[in-house]
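First comes the structure, then the notes that go with it.
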Amino acid sequence: MRRQVVASPPGWLSPLRARIPAPRVSHEGRPPVPMNPEAGTGPPGRRRIIRAGLTLTGAAFAAVFLCLSFTPSLLPRAWFLQGVVGGVTAATGYALGTAIGALVRVRHRFSARTVRIAWRVLFALVPLLFLIFLWLGVRWQRELRGRLGLPQAQEYDVIRTLGIGLLAFGVILLVARSLRLATHGCALVFRQVVPHRAAYCAGAIVVTLLSYSALDGLVMGQLFSMADRSAAVVNSGTGNGVTMPTSVLRSGGPRSLMSWDSLGRQGRAFVAAAPTTQELTTFAGRPAQEPIRVYAGLTSADTVDERAALVVREMDRTGAFDRSVIAIVTPTGTGWVDNRVTRSLEYMYGGDTALVSMQYSYLPSWISFWSDRSEVASSAAALVGAVRERWSAMPEVSRPKLLLFGESLGTYGLEKVSGSPEQMVAGSDGMLLLGPTFANPLHRALTENRAEGSPVWEPRYPELPIVFAESGANLRALTGERPKVVYLQNATDPVVYWSWDLLWKKPKWLTGERGPDVTPDMHWYPGITFWQTSCDLIFANKVPTGHGHVYKSQAIDGWAAIAPPPGWTVADTIRLRELLG
């Protein structure tokens, strides 16, 4: 067949031809794929992913979320933490805005002119919003720091905060788009055998599974392994100034059933840090006794039950059951026991005490909490059960007071041992719990069933002698029947008030009357408040006593509320707090 040759138009038609746009035709002769006016993307096979511009709705939501990230939470934030909070919050807003924009475009497509006007409005408003919220953020942080007695931050920290925030946002966006590019690549392979939509679903599933495996197996697994090795090295060491005791009344000392090396770093610090007889005598104004301290480390015996039995034998060896008070202390994850808590009880009773504890882990509490909380529960059950069995076999008129103490993760272990509020009251002569975690089952049940009208940060439960206190001063003001169980929980402690439902529901501790030191400028925003309170957990121990997750000398008020020695007064409590700091 002869090919027909079409003559070129005359020269005088060239300008007119130049003004007529050529029809857009795909290489396969199909109708052209419409362009996305918001993202500027082309056909599915050629669209840019890594280098694509920001979407309009995504940028708008990211700007709003970034501004809201400067709002205050329970605790003040350092400049670098605020930067990370801002970057992650902005990335979350961008993802949400992009998803909403995609859903809207399914039903309605805006013209290119409308999109251009929207971008111009956004460019005009965002800098103004940033300036306003930066100024407000600085003011809010100053107010929070003033409430907690912390030094004020530097003015130039705002610049560093923005830099960290933009960097965090960029890194998260790059990672997200890299995963999207990987999904696109997998979809191109699957399109050879399945339809277009099914190929993208299969690609998304493959990338999700591979990402989860890499994060869980490679990243998280390695991090936990590194943390475990590091904690094991720390546990084998000895703190500065800690020396082997020469007293037969201490574990690790002469004639002890536990070797000094088996106690672990925190156990060695525990037995070596008791006050001297002279210090106790000076405070009491009368002759004092040398206090007993018993501790079993992870390597003191092979199993948790064997360690608990070893503690009881050590108590018999040291004469612990002949003292006026026995206190079972459930430590934190590393085996640490706050020395102000233990020394306060020894000062109150002039050394006529026996403090016993047992290590269940050498990992930090937050790792123990998220990885396996059953360890603290089984350790507390074994130790409390073994000591209580020996104690209950004694004549009631001659046996010592039995007190239980737990702080942070230790409170979870004691609650699991008790099983019910009634057993908490009946199981000992007194129980002191500092900074209970949000996962504590009994604490949560007691809070939810509190007396009508009582605030969530200091609930009342009149059916049983259980008292919740926000501060030591509130305990000193108690009148009437002496409580058997005392919960001490700071109003700004994120370990107490964090929860998963902060993601979608306003917490009750931000409704109605607020706890002391909770700023009135704090408001709940879906997702944002959850993320801010999660970050508060990181620095909950870096604030002064009586704020965050720091209790220390406030335990003196707790001991004085549940088990004061004869003749003990409020003035003695204040004097001891001044001594221990």
### Query
List pairs: first in segment 241-254 and in the same structural domain as residue 351 (by TED's automatic domain parsing), second aliphatic (A, V, I, L, M) and surrounded by fewer than 16 Cβ atoms within 10 Å (Cβ to Cβ), Cβ under 6 Å, 6+ apart or cross-chain?
254/248
## Note on the structure
Note on segment 358-411: residues within 19 Å of residue 538 (Cα to Cα) and modelled with pLDDT of 95 or more are none
### Query
Do we find that residue 401 is surrounded by fewer than 24 Cβ atoms within 10 Å (Cβ to Cβ), charged (D, E, K, R) and closer than 17 Å to residue 312 by Cα in this structure?
yes
### Task
Might you check whether a residue that is exposed (fewer than 14 other Cβ atoms within 10 Å of the Cβ), touching a helix residue (DSSP H, G or I) at 6+ places or on another chain (Cβ under 9 Å), more than 24 Å from residue 548 (Cβ to Cβ) and modelled with pLDDT of 90 or more occurs anywhere in segment 171-191?
yes
### Residue match in segment 401-422 (condition: among the polar types (S, T, N, Q) and over 17 Å from residue 441 (Cβ atoms))
no
## Note on the structure
Taking segment 257-271 and keeping residues part of a helix (DSSP H, G or I) and over 10 Å from residue 295 (Cβ atoms) leaves 261, 265
### Query
What residue, among those in segment 87-114 that are free of Cβ contacts under 8 Å to residues at least 12 places away in the same chain and of a type in the set (A, V, I, L, M, F, W, C), is nearest to residue 170 (Cα to Cα)?
99
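Residues checked against (1) in the same structural domain as residue 93 (by TED's automatic domain parsing); (2) touching a residue at least 24 places away in the same chain (Cβ under 8 Å); (3) in contact with a helix residue (DSSP H, G or I) (Cβ under 6 Å, 6 or more places away or on another chain); (4) over 25 Å from residue 69 (Cβ atoms):
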residue: 499; (1), (2), (3), (4): no, yes, no, no
residue: 514; (1), (2), (3), (4): no, yes, no, no
residue: 521; (1), (2), (3), (4): no, yes, yes, no
residue: 529; (1), (2), (3), (4): no, yes, yes, no
residue: 532; (1), (2), (3), (4): no, yes, no, no
residue: 552; (1), (2), (3), (4): no, yes, yes, yes
residue: 556; (1), (2), (3), (4): no, yes, yes, yes
residue: 560; (1), (2), (3), (4): no, yes, yes, yes
residue: 563; (1), (2), (3), (4): no, yes, no, yes
### Candidate set from segment 430-455 (those that are among the small types (Gly, Ala, Ser) and assigned to a loop (DSSP other than H, G, I, E, B)); member that is surrounded by the fewest Cβ atoms within 10 Å (Cβ to Cβ)
453
### Message
Just to be sure I understand the filter: pairs with C-beta atoms under 6 Å, separated by 6 or more residues or on different chains, first member in segment 301-326 and of a type in the set (S, T, N, Q), second member modelled with pLDDT of 95 or more. Which pairs pass?
### Response
318/249; 318/292; 324/349; 324/352; 324/400
### Query
Which one of these is β-branched (Val, Ile, Thr), over 22 Å from residue 562 (Cβ atoms) and buried (at least 22 other Cβ atoms within 10 Å of the Cβ): 330, 342, 318, 353?
318
#### Entry: Residue ID - nearest to residue 276 (Cα to Cα), chosen from residues in segment 324-346 that are touching a strand residue (DSSP E or B) at 6+ places or on another chain (Cβ under 7 Å) and in a helix (DSSP H, G or I)
346
## Note on the structure
Result of the Cβ filter at 8 Å on segment 358-373, keeping first residues that are outside any helix (DSSP H, G or I) and partners that are modelled with pLDDT under 75 and of a type in the set (D, E, K, R), at least 6 apart or interchain, is 363/228
### Subset of segment 456-467 (residues that are in a loop (DSSP other than H, G, I, E, B) and among the aliphatic types (A, V, I, L, M))
456, 464
### Message
Out of the residues in segment 473-490 meeting the condition of being in a loop (DSSP other than H, G, I, E, B) and in contact (Cβ under 8 Å) with a residue 40 or more places away in the chain, tell me which one is surrounded by the fewest Cβ atoms within 10 Å (Cβ to Cβ).
### Response
482
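Quick grid of which residues meet (1) outside any loop (DSSP other than H, G, I, E, B); (2) of a type in the set (Val, Ile, Thr); (3) surrounded by fewer than 17 Cβ atoms within 10 Å (Cβ to Cβ):
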position: 501; (1), (2), (3): yes, no, yes
position: 515; (1), (2), (3): no, no, no
position: 530; (1), (2), (3): yes, no, no
position: 534; (1), (2), (3): yes, no, yes
### Positions within segment 289-316 being within 10 Å of residue 251 (Cβ to Cβ) and touching a Lys or Arg at 6+ places or on another chain (Cβ under 7 Å), in sequence order
292, 293, 296, 300
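Here's the yes/no breakdown for (1) modelled with pLDDT of 95 or more; (2) under 28 Å from residue 568 (Cβ atoms):
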{"position": "250", "(1), (2)": "yes, yes"}
{"position": "256", "(1), (2)": "yes, no"}
{"position": "291", "(1), (2)": "yes, yes"}
{"position": "298", "(1), (2)": "no, no"}
{"position": "310", "(1), (2)": "yes, no"}
{"position": "314", "(1), (2)": "yes, no"}
### Summary
Across (1) among the polar types (S, T, N, Q); (2) free of Cβ contacts under 8 Å to residues at least 40 places away in the same chain; (3) in a helix (DSSP H, G or I), residue 152 clears everything bar (3)
### Message
Consider segment 390-400. How many of its residues are of a type outside the set (D, E, K, R), under 29 Å from residue 440 (Cα atoms) and either in contact (Cβ under 8 Å) with a residue 40 or more places away in the chain or not assigned by TED's automatic domain parsing to the domain that holds residue 324 (or both)?
### Response
2
### Task
Hey, could you check segment 110-140 for residues that are over 30 Å from residue 79 (Cβ atoms) and either outside the structural domain of residue 60 (by TED's automatic domain parsing) or small (Gly, Ala, Ser) (or both) and say which is surrounded by the most Cβ atoms within 10 Å (Cβ to Cβ)?
118
### Query
Taking segment 245-289 only, how many residues are surrounded by fewer than 22 Cβ atoms within 10 Å (Cβ to Cβ) and over 18 Å from residue 357 (Cβ atoms)?
16
### Message
I'd like the residue in segment 551-576 that is crowded, with 20+ Cβ neighbours inside 10 Å and of a type in the set (A, V, I, L, M, F, W, C) and, out of all such residues, is nearest to residue 148 (Cα to Cα).
### Response
555
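The values are calculated or read from the model by the stated rules, or taken from the named source; none is laboratory data. No experiment lies behind these values; they were computed from the predicted model shown. A quick note on method: Cβ atoms are made from the backbone with ideal geometry, for glycine too, and the neighbour counts reach across all protein chains shown.
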